[in-house]
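Before any comments, here is the structure.
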Amino acid sequence: MSDHSRSLPDRPSLRYLKIEAKRRLRAGEFTTLAEAQLAIAREHGAPSWAALKRIVEDRTTARQRHASRQLRWIAARFADAGAPAWQPPAEEELRAHFHERLLEAMPPAELVPRLMNLAPGLHGGPVLVEDTPTHALARLDAADLATVAQLQAVVEPTPPHRLVGLRVHPAARIDDPRLTAPGTRTDGPVPAAATAVAEQTFAAFGLPGLVLASADPRGTTWALARGWAALDPGEPLTTRHRFPAGSVTTLVTATAVLRLVADGRVGLDDPADRHLHTVRLADPAVTVRELLSHTGGVDTPSERLADRVPDPRDLFGRVIPCGGPRGRHAHSDAGYAALGLLVESLTGSPFPQAVTDLVLRPLGMADSSFPAHWPTAPGEADTVTGYVAFEDGTLVPVRKRVSTMPAAGGLWTTAPDLVRFGLRWHTLLPAEPARQALAPQAALPGAGHIGLGWELDPAGGIAGHTGHLPGASASLAVRLRDRRVHVALTNRSTPLEPVNGRVLRALG
């Protein structure tokens, strides 16, 4: 092994370094590949192979961070919005930076005023929290902004790298003394990078509690819980506490339906009405596939799941309205409520029992259920208390209630159980239904697509879903190239997609 430090070229190749490590292993310089990689890393001034890999990737992508470039344009263009001499961008200028799909979902007349409202937080440029070639997250924090905000940008992976996704995540300024000195509990070999992300996220988002959990294809699992399940009186959060999963539930519902498809009891392209005994869709041509992919034009009730939804039993004998255009994605809780009733019709069992038999029990998800009331019965896993931010920056508990549309948002689960689902859901299905689940069915407003329940991010190679309810948020992400699973849960409603993205990238 050389004792001399080597300089990396301007455009280093990770593939070349991997080949070099294998060559030196075959030459007998080292007894294991890990030893060869560590030696090469140290020769190039890095303390580990993982550190060297990050250095190479950073140099490779330094000139390709197109998402943060677009954020800087937004900051430069809108920081002085409202000043006497300021003029809003014309449509031609907007189309140079925003993909037509995004402008279709958010027309200029709506987009420009929203960006103008961010002007106080844009002075000095965006403070980047996350920066990759196609995704960037910036913090906007100004004294005259009503809230702290994070601006999330996604660009198309090919030139001209226009924005295909732009979301503002508002978050009340949290100044609650009960959040100081949070404890951390772990299960399994938690990577240092995941611990760092948990610490940063907990502080930046003002969370009462946060659980992160992950698994790789070899079955190595870990979980980390930080903070409190309840603040008053203080109850430390553990990795075994149960959370409401919100719309992540739809992945479990979709898997149950696909099991029935695999058994020949229903066809993906069957009209759903053929199998519904207690309700009817306004459009009898809407198929099971369209309900699974939210493309059937089925209206969600005006009282959304995140607020309050009607009990599906109230729909018996009624028609579920179809108002949107078929073939285009529009998230529909009512469509998944119909799928829940379809499962009941085909199995002869109530939905919670049927999905337990079809999905939860086969996967060993013993701490997951679809409770009809707040789950606090003796012998059940501990549940969290959900919180929302009050005007003075303190956190107050939400009213204890459960979703009355179990197939759309009624799952209560733990982080380890969600990891089990993400790791093994496909083992419940033959190859073709599992492939169909991850096949794009329609475009999402940004750069992604919708599969059969799964939201697909082709740029990041990720499949997953998020769920938001008053007092809780959940996120499940599966990296498709190696089936690494990551889960994030918190007992406060806040965006968790950036958290999962940061952990997945940190784990390599």
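The values are calculated or read from the model by the stated rules, or taken from the named source; none is laboratory data. These numbers were taken from a predicted model, which means no experiment stands behind them. Neighbour counts run over all protein chains shown; Cβ positions are idealised from the backbone, glycine included. What goes into the accessible areas is simple: the full protein's heavy atoms, side chains included, and nothing from ligands, DNA or RNA. Shrake-Rupley method; radii C 1.70, N 1.55, O 1.52, S 1.80 Å.
Of note:
- In order through segment 68-74: 3J(HN,Hα) via Karplus (6.51 cos²θ - 1.76 cosθ + 1.60), integer Hz, x for Gly, Pro: 5, 4, 5, 5, 5, 5, 4
- Rounded to whole Hz, the Karplus (6.51, -1.76, 1.60) HN-Hα couplings of segment 476-481, x for glycine and proline: 10, 10, 10, 7, 6, 5
- Close amide-amide hydrogen proximity is noted between T287 and A272, each under 5 Å apart and 5 or more residues distant or on a separate chain (H modeled in the peptide plane; Pro and chain starts excluded).
- Accessible area per residue for segment 402-478, computed on protein heavy atoms with a 1.4 Å probe, is 27 Å².
- Near the amide H of A442, within less than 5 Å, lie the amide hydrogens of I450, all on another chain or at least 5 residues away, with H placed in the peptide plane.
- Highest mean first, the peptides 243-251, 464-472, 27-35 sorted by other C-beta atoms within 10 Å per residue fall in the order 243-251, 464-472, 27-35.
- Calculated Rg and Dmax of segment 393-487 using C-alpha coordinates, Å: 15.2, 50
- With the convex hull drawn around the C-alpha atoms of segment 338-454, the volume per residue stands at 170 Å³.
- Computed with a 1.4 Å probe on the full set of protein chains, the accessible area for R401 sits at about 100 Å².
- In Hz, Karplus ³J(HN,Hα) per residue of segment 336-341 (6.51, -1.76, 1.60; θ = phi - 60°; x = Gly, Pro): 6, 4, 5, 5, x, 5
- Within segment 231-270: backbone nitrogen closer than 19 Å to the T184 label point (7 Å, Cα to C-beta): 236-241
- Sorted largest first by accessible area at a 1.4 angstrom probe radius, with every protein chain in place, the residues Y16, Y336 fall in the order Y16, Y336.
- Probe 1.4 Å - accessible area at H329, Å² to nearest ten: 50 Å²
- Here's how it looks for R484: its modeled amide H is under 5 Å from those of R479, which are all 5 or more places away or on a different chain.
- Computed Kirkwood radius, in angstrom, where 1/r is averaged over Cα pairs of segment 21-117: 17.6 Å
- Burial ranking of peptide ranges 216-227, 83-94 (average Cβ count within 10 Å, highest at the top): 216-227, 83-94
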